[in-house]
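Shown next, in structure tokens, is the structure this report addresses.
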Amino acid sequence: MRVEVDQPRCVASGQCVLAAPAVFDQDDEGVVQLLDATPGPEHEEDVRESMATCPAAAIRLVEG
């Protein structure tokens, strides 16, 4: 699994960080920062929750 973020699309809600703090963070302006583009399977559920709760749909999961 690979995670991609669209930083220009981010609205700085922080939902991704709340759901998956091992994978996402925010910069000083609140914009998403990807900490781990290839998180292990133990983070998959959290990443999926981040995608589902992101109001800007700025997170994408690439499987394969």
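Some points to look at:
- Subset of the stretch 6-41 that is aliphatic (A, V, I, L, M) and farther than 25 Å from residue 64 by Cα - its residue that is surrounded by the most Cβ atoms within 10 Å (Cβ to Cβ): 31
- Scanning the stretch 27-48 for residues that are of a type in the set (Gly, Ala, Ser) and more than 22 Å from residue 12 (Cα to Cα) turns up just one, 40.
Every number in this text was worked out from the coordinates using simple rules, so none of it is lab data. Bear in mind the structure is a predicted one, so any value in this text is a computation, not a measurement. We place every Cβ from the backbone using ideal geometry, glycine too, and count neighbours over all the protein chains shown.
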